[in-house]
1. Quick one: in the range 148-159, of everything that is part of a strand (DSSP E or B) and not β-branched (Val, Ile, Thr), which residue is nearest to Asp88 (Cα to Cα)?
2. When you go through (1) under 17 Å from Val32 (Cβ atoms); (2) open to solvent by 40 Å² or more (accessible area, probe 1.4 Å); (3) in contact (Cβ under 8 Å) with a residue 12 or more places away in the chain; (4) not basic (Lys, Arg) one by one for Phe175, which number turns out not to apply?
3. From Asp123, Asp94, which residue is of a type in the set (D, E, K, R) and open to solvent by less than 70 Å² (accessible area, probe 1.4 Å)?
4. Thr202: open to solvent by 60 Å² or more (accessible area, probe 1.4 Å), of a type in the set (S, T, N, Q) and either within 20 Å of Leu58 (Cβ to Cβ) or within 17 Å of the chain's Cα centre (by Cα) (or both), yes or no?
5. Does Val145 satisfy being closer than 23 Å to Gly200 by Cβ, assigned to a strand (DSSP E or B) and either open to solvent by 60 Å² or more (accessible area, probe 1.4 Å) or in contact with a Pro (Cβ under 9 Å, 6 or more places away or on another chain) (or both)?
6. Against the condition among the hydroxyl-bearing types (Ser, Thr, Tyr) and buried (at least 21 other Cβ atoms within 10 Å of the Cβ), how does Ser100 come out, does it pass?
7. Would you mind telling me which numbered condition in (1) polar (S, T, N, Q); (2) at positive phi; (3) crowded, with 21+ Cβ neighbours inside 10 Å Gln51 fails?
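The values are calculated or read from the model by the stated rules, or taken from the named source; none is laboratory data. As the structure is a computational prediction, the values presented were derived from the model and not from experiment. Glycine gets a Cβ as well: all are built from the backbone with ideal geometry, and neighbour counts include every protein chain shown. Note: areas computed on protein heavy atoms with side chains; ligands, DNA, RNA excluded. Shrake-Rupley method; radii C 1.70, N 1.55, O 1.52, S 1.80 Å.
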Amino acid sequence: MGSAALVIQTIVSMPFDENSYVLSLPGQSECVIVDPGFDPQEIVAVLAEKQLSPVAILCTHGHSDHIAGNGHLKELWPDCPLVIGHGDAGKLTDPVGNLSAGFGFNLVSPAADQTVKEGDVLDLAGMKLLVRETPGHSSGHVVFVIEDSQPPIVIGGDVLFSGSIGRTDFPDGSFEDLKQAIHEKLFILPDETLVLSGHGPTTTIGEEKRTNPFVGLGEPNV
């Protein structure tokens, strides 16, 4: 994709203020949908307005607020592959595993069409997305890194937030695993790298390295 800047559309879904994303290159009709939440009709409206066609639905992990729209989108685009990390694929069809049962409803997503693992590279809509496994919030959580965007971008799900991190008190959560993943997989990226988080505003790797109260490294020595 060269040095082209991505076009990023953010759709915030209630009731968890979850961020779904539509990513495309300028002037291109193909797009990638990330983490469809409870308002898939808003995603559909964005695609119609921008005249975009999805080539993949990516899920960073299998919690209900990030997969709730999968079924609706697959009904509209049945040939559009649903992609998730191999470790969280089972959560898609398991209401206990995807945490919906704990909130009083049983959400079942379509099953994955493709699973990914550490080091895989997806070539979608003119973008190359590098897969990094980042457990801790969910045992099978992955992030997608677009290194050749300007600036680079991490589609981060619920790993790293602006001034915070993903919860680690779920059955398969681990603060130590999450901290290790952030330090070893994300903090090695350039400081200007944008982090598209699953909740809240966009941040940068540099900002979180300096100031994040949970996993930050503090101000660099000068």
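1. Gly157
2. Just one mismatch for Phe175, condition (1).
3. Working: Asp123 fails: open to solvent by less than 70 Å² (accessible area, probe 1.4 Å).
Residue meeting the stated conditions: Asp94.
4. Values: open to solvent by 60 Å² or more (accessible area, probe 1.4 Å): yes; of a type in the set (S, T, N, Q): yes; either within 20 Å of Leu58 (Cβ to Cβ) or within 17 Å of the chain's Cα centre (by Cα) (or both): yes.
Taking the combined requirement at face value, the residue satisfies it.
5. Working: closer than 23 Å to Gly200 by Cβ: yes; assigned to a strand (DSSP E or B): yes; either open to solvent by 60 Å² or more (accessible area, probe 1.4 Å) or in contact with a Pro (Cβ under 9 Å, 6 or more places away or on another chain) (or both): yes.
Considered against the rule, which asks whether it is closer than 23 Å to Gly200 by Cβ, assigned to a strand (DSSP E or B) and either open to solvent by 60 Å² or more (accessible area, probe 1.4 Å) or in contact with a Pro (Cβ under 9 Å, 6 or more places away or on another chain) (or both), Val145 comes out as yes.
6. Details: among the hydroxyl-bearing types (Ser, Thr, Tyr): yes; buried (at least 21 other Cβ atoms within 10 Å of the Cβ): yes.
Considered against the rule, which asks whether it is among the hydroxyl-bearing types (Ser, Thr, Tyr) and buried (at least 21 other Cβ atoms within 10 Å of the Cβ), Ser100 comes out as yes.
7. Of the numbered conditions (1) polar (S, T, N, Q); (2) at positive phi; (3) crowded, with 21+ Cβ neighbours inside 10 Å, the odd one out for Gln51 is (3).
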